[in-house]
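The values are calculated or read from the model by the stated rules, or taken from the named source; none is laboratory data. On a predicted model such as this, the values are computed, not experimentally measured, just so you know. So basically every Cβ, Gly included, is an ideal-geometry build from the backbone, and we count neighbours across all protein chains shown.
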């Protein structure tokens, strides 16, 4: 059963009619192919119209869609011989960040991926993608390993933010995020990050301070969630729509601001309607970026990354 967002109701009604006609055709052996084709055309046109003019808040809803492909789907389709590494060697394991070594297009890479989970059990297991300090310290350990063995790092970002619980704060959440961001900046090998869903605050940038940063077309990337910003600015979380617009959270906005380096086009109706296609497109973008960076030596890699982040905001009037 497909999950529809509130603004997709016109499409939901049309696709519901199509399903009813298909059940009627199967049960009574009545040919309604022409009617189905007509409704399919209307549904496709309605979907195209809706997605051509999505508001920032609607894009936020798409980025959070429960059927959107998660990090584990990218891992299984794009990488081979993936060997997960667990623990930060200081406190314990964190399941919100999947980290390890594998092969991408046959070449060895280190992988950092934030996993939200897709049902109640896995969401609890992965803490809804919100990492505790040990998750970021594990990321640092893997990045240092990649640096030592000259392996590129690929990061798949999908988190509402780092976990804000008392236990995380007690174990040094802010320091762990800062150290992970520092490790990204010090990495002497190429790193490429893709925001595949939500890129929330320091929880995202801790593994996304990369030579190349890309976003899926309907992903979002921001310093705080729209609900959080609305609560702070207006003391009213229901004004999240206003906050999403003001914060410039969409891929188009961030491309214009030169915060990201490119946008991965999603299938019509969002990544959840055709996961394999969007994952393959993401793989092509990662492959092209790594090829572009492959000829650079350590100093050039460090310089390119540093200059990229220092340039953000300089052209804003």
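Being surrounded by 24 or more Cβ atoms within 10 Å (Cβ to Cβ), within 28 Å of residue 275 (Cβ to Cβ), modelled with pLDDT of 95 or more and assigned by TED's automatic domain parsing to the domain that holds residue 177 narrows it down to one residue among 244, 251; which is it?
251
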_Can you go through 124, 156, 185 and tell me which one is assigned to a helix (DSSP H, G or I), under 25 Å from residue 272 (Cβ atoms) and modelled with pLDDT of 95 or more?_
124
_Those residues of the stretch 116-127 which are out of contact with any helix residue (DSSP H, G or I) (no Cβ under 6 Å at 6 or more places or on another chain) and buried (at least 17 other Cβ atoms within 10 Å of the Cβ), in sequence order_ = 126, 127
*asked:* Out of everything in the stretch 72-91 that is buried (at least 17 other Cβ atoms within 10 Å of the Cβ) and within 20 Å of the chain's Cα centre (by Cα), what residue ends up being farthest from residue 194 (Cα to Cα)?
replied: 82
